[in-house]
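The next block holds one structure in the form of structure tokens; read it before the comments.
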Amino acid sequence: MTDSAPAHAPAAPAAHDAADTVTHPDPGDLLRRVAARAAADRPRLPAPAAADVLVRAEARLGFPLPALLARLYREVADGGFGPEYHLLPLLDGPGESVVAGYEQQRAESAADPDHPSWPAGVVPLLTWGCGMYAAVDCTTPEGRVLLFEPNPYSGGSWAGCWFEDAPGLAAWLEAWLAGTGWYDEEADLPDELMPRPWPDAESRLAAAGLTPG
């Protein structure tokens, strides 16, 4: 298993207004296509998150969101679009939000420091139901997308419940737009394109047991 250095404070991605060449060669084009699909799927979308909402969200999280994720909330809508159950609202809204969900998951991890379940710097993006989440690793500038699947858990380390869904948020969004996500019943993906075990899960969870935030 490949280990990464324990991150006691999540590494900050590039500034939100910087050229986002890591996540997508033309994030503006991707955002336009996401916005068009979101509006087609749900004509009455939530309004985009205001600038102060993003500032307050990042202040509570203690780290910035990857640039593309921040732009999704600022330019498309404050959640309510995307695969299956749709993206969570960023800060406020009915039910769970990205920030409140992160705080809850980290609090539950802190309650069992020997076997933390949720790493620092990873925010829930949407729920798949049955306790499963899509989550974004905010310690990576590309916003690696992870799958948390807790249902097989039977004790000990939670590392086996974490999978890598996509190397970055842009790739994850492209799969949604193309209908090639693992959750699409008609996609019929080969095994190599299905979510695979997250190689950094063990080391990141070990760091989570030492990290209060």
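Here, each number is a calculation from the coordinates, and none is a lab measurement. Every value quoted in this text rests on a predicted model; they were computed, and no experiment measured them. Quick reminder, even Gly has a Cβ in these numbers, built from the backbone with ideal geometry, and neighbours come from all protein chains shown.
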Cα-based equivalent ellipsoid, region 72-138: semi-axes from gyration tensor eigenvalues, Å: 22, 12, 10
Cα-Cα separations in region 108-213 greater than 21 Å, expressed as whole percent: 33 percent
Relative contact order (percent, whole number), the chain, Cα cutoff 8 Å, 6+ residue spacing: 24 percent
Alpha carbon centroid spacing (whole Å) that separates region 60-75 from region 117-167: 18 Å
Degrees between helix 27-41 axis and first principal axis of the chain (Cα, 0 to 90, nearest 10): 80 degrees
Compactness of the chain as Cα Rg over 2.2 N^0.38 Å, two decimals: 0.97
Potential extension, Tyr153-Ala111 segment - 0.36 nm per residue separation minus Cα distance: 13.4 nm
Cβ-based charge dipole, the chain, positive-most Cα from Trp176, Ala50, Val145: Ala50
Amide H contacts of Trp128 (H built 1.01 Å from N, under 5 Å, at least 5 apart or other chain): Tyr133, Ala134
Region 134-173 residues near the modelled Glu75 label - backbone nitrogen below 17 Å, point 7 Å along Cα→Cβ: 142-143, 169-173
